[in-house]
1. Output yes when any residue across the range 882-898 is in a helix (DSSP H, G or I), modelled with pLDDT of 90 or more and out of contact with any Pro (no Cβ under 6 Å at 6 or more places or on another chain), and no when none is.
2. Return only the number of the condition from (1) in a loop (DSSP other than H, G, I, E, B); (2) more than 25 Å from residue 654 (Cα to Cα) that residue 46 does not satisfy.
3. What do you reckon, is residue 674 part of a helix (DSSP H, G or I), more than 27 Å from the chain's Cα centre (by Cα), of a type in the set (Asp, Glu) and more than 29 Å from residue 550 (Cα to Cα)?
4. Taking interchain pairs and intrachain pairs at least six residues apart, which have beta carbon atoms under 9 angstrom, with the first residue in the range 318-330 and under 18 Å from residue 264 (Cα atoms) and the second among the small types (Gly, Ala, Ser) and at pLDDT below 95?
5. For residue 340, only one of the following conditions fails: (1) surrounded by fewer than 22 Cβ atoms within 10 Å (Cβ to Cβ); (2) of a type in the set (D, E, K, R); (3) part of a helix (DSSP H, G or I). What is its number?
6. Failed condition for residue 451, given (1) touching an Asp or Glu at 6+ places or on another chain (Cβ under 6 Å); (2) at pLDDT below 95; (3) under 30 Å from residue 569 (Cβ atoms); (4) surrounded by fewer than 18 Cβ atoms within 10 Å (Cβ to Cβ), with all others met?
7. Which helices (runs of 4 or more DSSP H) does the range 779-830 wholly contain that include 3 or more residues that are basic (Lys, Arg) and closer than 19 Å to residue 745 by Cα?
8. Which residues, counting only those in the range 52-88, are closer than 19 Å to residue 9 by Cβ and surrounded by fewer than 17 Cβ atoms within 10 Å (Cβ to Cβ)?
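The values are calculated or read from the model by the stated rules, or taken from the named source; none is laboratory data. Predicted, not measured: the structure shown is a model, and the values here were computed from it. A quick note on method: Cβ atoms are made from the backbone with ideal geometry, for glycine too, and the neighbour counts reach across all protein chains shown.
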Amino acid sequence: MAMNDETLKTLVEYLNATLHYDASVRKPAERYLESFENNQGYSLLLLVAIESHQLPDAIRVAAAITFKNFVKRNWAVIEGDESRVPETDRDAVRARIIGLLLEAPDSVQKQLSEAISLIGRQDFPYKWPQLLPTLTAELSGNDMKRVTSCLRTAHALFKRYRHEMKSDQLWMEIKLVLDQFAAPLTELFRKLLEMAGPAAQSATADQLKYPFKSLVLVTKVFQSLNAQDLPEFFEDNMGIWMPGFLELLRLELPSLASDSEDEPGPMEQLKSSICDNVTMYAQKYDEEFHQYLEPFVGVVWNLLVNTGAQAKYDLLVSNAMNFLASVCERHQYKALFEQDGALRMICESVIVKNMIFRESDQEMFEDNPEEFARRDLEGSDVDTRRRSAADFVRGLCRFFESQVMAIFGTHIQQLLAEYSANPSGEWVKKDAVYCLVGALAKRGETAQFGATKTSELVDLNDFYAKHVRPELLDSDVNRAPVLKAGALKYVVSFRGHLPSASIIEAANASVTLLTAESVVVRNYAAHTMERLFMLKQNNAAVLTADHFDAGMVMTNLFAALEKTGTEESEYIMKAVMRSLTALVSKCAPFASQITLALTSKISKAAQNPSKPHYNHFMFESLCVLVKKVGPTAGVAQFEEACFPPFQEILQKDVVEFMPYAFQIMGMLLDMRPEHSGVPDAYNALLPFLLAPVLWERSGNVPALVRLLQAYFRVGGDAVAATHLSAILGVFQKLIASKLNDHYGFYLLNSIIEHVSYEKLSGQIITAILTVLFKRLMTARTVKFAKGLIIFCCLFVIKRGSATLVQELEKLQGGMFKMVIEKVFLRDVQKISDSHEKKICCVGIANLLADAVDNLGQELWPQLMTALVKLFELPEENDDDDDQFLDIEATSGYANAYSQLAFASRNDIDPTGVSDVKGHLVKCLSKVSASRPGVLPQLINPLEQEVKQFITSYASAAGITLA
């Protein structure tokens, strides 16, 4: 793009439009800007806008966000694909961005720091060696704003070390960072400690703002650099860091106290981060940290006792409890919790206090129900006080179960008595009991099964009958909504330990609770239904269609989706999906009404797709109906209902929904008889599906290939007659990509399977094989080799061994033997998918029968041995390095592809063979009959074990091999 005032003015206009509240204005502006992303100079023009002091801050922030998203979508280079960012632009961005970061306002810095971390993930350290020295040099400066900017960038760059999979490359990178960054970071920490010393007591908040922002970031960088292993440098300097952390935990600075009840200030953030660090050291580096631990226990203990209940302290309290929980689980520290009534003090002053439902919890329950559920049900990244308190209880129970049970037993009885005396005023006491009993009873849990192990000291069924069941069966669904939610959560948590009668009762109660006014109760009721439908005992579902009024279930679910607050609830839509799966036999009579309701929801969500999980379950629900009801009701009625919203999605370019629409259309088309012909509506759509812009979005690729496979299945010759050239262009693009080459093979295999050979003979097959072998020669991977083997075997099954040999030899003399020796024999045993394995077994057996002369005395025994091993031996591990590509990092414009489980393509066996070992024996018998005396000569060189297997196959098939 030309770098001039006119292009900058145009850019600013569209950046401004991306800030518009109206999606009809905002979305086109976003798409317009994205259309220029591959233009040279575009990224540099964004940097000019970010740097311009003449532009409003809102525009500069919009430019920074746009730049960050540009980097996220385009900076990574997918192997086999062209770079989307010119190398000159890359060099210019790397050269300018750090200087721009240091001078930008805070709001812009945050976006640029993230962009630098994304660039660094691809380019650091080898393509961007100057990054780290530039950041390090700033740490010794006196401009604390610039220091903070560098630390923010370092944090964004290094935080992936906390969760990255161990590898030699990672260790090398961390070592490089430690060698250059650890010492300056430690010196900066010393300097900041001095600034936080006595003089800080008289300093103003403005004077302390950047030093304490820097301290928070220093502690975060410290965690990242210590997360994988304890570096020697930090072990040697623990005498600086740990006393410093202890000093900061004790520090009180009134000038930095947060005025907000909800938002933590710098001191709360700093102490939270320090608690995170000492927890990490206590858990991972206990031997080295041991000498420092006891003082931290005392300081953190006092901090917990004296910290208020305001929401701004939540993360600090949670992290502090996590530290004590990690300590109490270690035998060597038992004595710390056994002295002077410590256990009782912890239970009463720390745990019970932090399990009481607070006013801030009530506000979140009513005003932000989605966030409440995310924290309470899903255990989100931001730990809650109650979750950490529950974890602390479980930690204490490891060595002090009987004492803890006795202490809490008294409290539980007292809390229940206070509730019974005043149910409407003291309901928080019963809610605390739910939390306490859950923490005391649970010893292990998973999202799939709930509590997997429970304490023998808690009678779960008795507690359900006395204290949970009354809430679930209460005729007033709107009374005490927090207790209703707690009762539902109890059922979900302990569903594997309750009798089936209680499960059935609770599930039907959940159907009724869907009508509650509380958003949280409706969501929890749906979540409970969904989890209980999944519950099995003795490998059989506990809940069946006979336990429900299916009409009421679906009525209440869809009515809940119309109520304010749950119009796009992922919990309710997931319950719709699961209910349809379980109750479909009873839902069939009103399937058309459900389909209409779902397609209406799709059309509405398409206006502004903002809830990815809700959207996914919405399309899955539609798939369930199509799959379960379509074969009997007829595919036409579903096409009639689905095509209008799908056409709207395609016309409006709703990129989030396109992969879903393509999958369901493929599913609908696959429900038609094979070779029955492509209906007119699908035919009209086909040119659009082959437009290159659709294939640029990696999220579309799997769904589009799945749809094209369906096209070939119902009308292969007709599709090939008019669109084969365009489809082969798609195939060539896919095969060239290491990320997508398997989809290229899926498409090619459908062509071989469903298009008559006359339409492929001549130059077409030669061109296809040329593309395949060029890729094999230039960028071989195990995945590609496996795909090539499967293709060759399918080709043999459909077109015959002689045809494969002929086509390969046309490319180059001796090519057939080379493919067998260099591809088949090397990688065939790495094929593990049962469907693909069967194709290979049948195809190779055919080659052994029909290509004896072509294989020769040397390759025939080797190929036979490889086939027997494929039958009998465990598959080799596929250690191909391209299997671990980061799909999110390399995906294009579209969101990452989401497979619809109920729209998956049924593997249709193209072999026509039921017994593959018997088929091999028949092939060998064919050789024996047609060429007397040849078979023994071929079998004699085989190892004895292989011969024995062949004999056993022949015996099982009742065939004698001469």
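1. Going residue by residue through the range 882-898, those that are in a helix (DSSP H, G or I) are 882-884, 887-890.
Subsequent filtering for residues that are modelled with pLDDT of 90 or more retains none.
Within the range 882-898 (the criterion being in a helix (DSSP H, G or I), modelled with pLDDT of 90 or more and out of contact with any Pro (no Cβ under 6 Å at 6 or more places or on another chain)), the answer is no, since none of the residues qualifies.
2. (1)
3. On the way: part of a helix (DSSP H, G or I): no; more than 27 Å from the chain's Cα centre (by Cα): yes; of a type in the set (Asp, Glu): yes; more than 29 Å from residue 550 (Cα to Cα): yes.
So residue 674 fails the test.
4. 318/388; 318/389; 319/388; 320/388; 321/388; 321/389
5. Going through (1) surrounded by fewer than 22 Cβ atoms within 10 Å (Cβ to Cβ); (2) of a type in the set (D, E, K, R); (3) part of a helix (DSSP H, G or I) one by one, residue 340 breaks only (3).
6. Among (1) touching an Asp or Glu at 6+ places or on another chain (Cβ under 6 Å); (2) at pLDDT below 95; (3) under 30 Å from residue 569 (Cβ atoms); (4) surrounded by fewer than 18 Cβ atoms within 10 Å (Cβ to Cβ), residue 451 violates only (4).
7. Hits in the range 779-830: 782-799.
8. 52, 53, 54, 56, 57, 58 - these are the residues of the range 52-88 that are closer than 19 Å to residue 9 by Cβ and surrounded by fewer than 17 Cβ atoms within 10 Å (Cβ to Cβ).
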